[in-house]
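Everything below concerns the one structure shown next.
The values are calculated or read from the model by the stated rules, or taken from the named source; none is laboratory data. Everything numeric in this text was worked out from a predicted model, so none of it was measured. Quick reminder, even Gly has a Cβ in these numbers, built from the backbone with ideal geometry, and neighbours come from all protein chains shown.
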Amino acid sequence: MSSPSRRKMLAAQETIANRIVELAKRKDMTVYQTVNDILEQALRVEELGMSLSQVVDERWMLERAKETGFTFTIEQLLYRIVEEAYDENSEQSAKVWREIGHWYGKLYQAKHEEPIDAFREALELFTLGTSEYTLDVSNRELGFSLIGEKLSIGYLEQFSIFVEELFLVLGYKIKDKEIKSGIIKMELSQ
């Protein structure tokens, strides 16, 4: 015969307790079930060595990626395919990257009060792998860099065209651009 479930009391701020009551109603569950479900999931996350805020932030990034039309793929596969397209016909490949950069520039301009901040969010998604970026804006100047040991020259050339076109739509023109193994550095101004 199994022992009956024992209960312990937990305290919560009134506003949080009220939100849990509302959540329970929406889910057609008891408050007891809802609290236990929340605590069970929180413990699972902690046992995985993660924090709830980390899980929520990563889930948010996935949702933003879907909304923006991004898709996930194998990192090395992407770089190799882009490199082959670049080697095969660099002009046609550049044309495609420029068109996409233009489209995303228009998208950020139309849907966001601060389009550069929207692009900064997108860069979090672009750099989910092993690369890192910087995007500094001051006065009418903008600095952008992308660094990643796996990034091929062909990929960097094409991605720089995308970024340059996106910023052109947002009113910035290229002043200086440097591309070398694993690195893009760009300086732009309005």
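Six or more apart or on different chains, Cβ under 8 Å: which pairs go from a residue in region 146-162 that's assigned by TED's automatic domain parsing to the domain that holds GLU124 to one that's part of a helix (DSSP H, G or I) and among the basic types (Lys, Arg)? Could you list them? Pairs that qualify, where the first residue is assigned by TED's automatic domain parsing to the domain that holds GLU124 and the partner is part of a helix (DSSP H, G or I) and among the basic types (Lys, Arg), are SER152/ARG80; ILE161/ARG98; PHE162/ARG98. Given the structure, is PHE167 modelled with pLDDT of 95 or more, aromatic (Phe, Trp, Tyr), surrounded by 18 or more Cβ atoms within 10 Å (Cβ to Cβ) and farther than 25 Å from ARG59 by Cα? Here the answer is yes, as PHE167 does meet what is asked.
One line per residue, one yes/no per condition, for (1) in the same structural domain as LEU168 (by TED's automatic domain parsing); (2) under 14 Å from VAL163 (Cα atoms); (3) in contact with a strand residue (DSSP E or B) (Cβ under 6 Å, 6 or more places away or on another chain):
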residue	(1), (2), (3)
ASP37	no, no, no
GLU88	yes, no, no
VAL96	yes, yes, no
GLU132	yes, no, yes
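Note on region 59-164: enclosed helices (runs of 4 or more DSSP H) holding 2 or more residues that are touching a helix residue (DSSP H, G or I) at 6+ places or on another chain (Cβ under 7 Å) and under 30 Å from VAL45 (Cα atoms) are 115-126.
Scanning region 1-54 for residues that are modelled with pLDDT of 90 or more, touching a helix residue (DSSP H, G or I) at 6+ places or on another chain (Cβ under 8 Å), not in a helix (DSSP H, G or I) and not hydrophobic (A, V, I, L, M, F, W, C) yields a total of 2.
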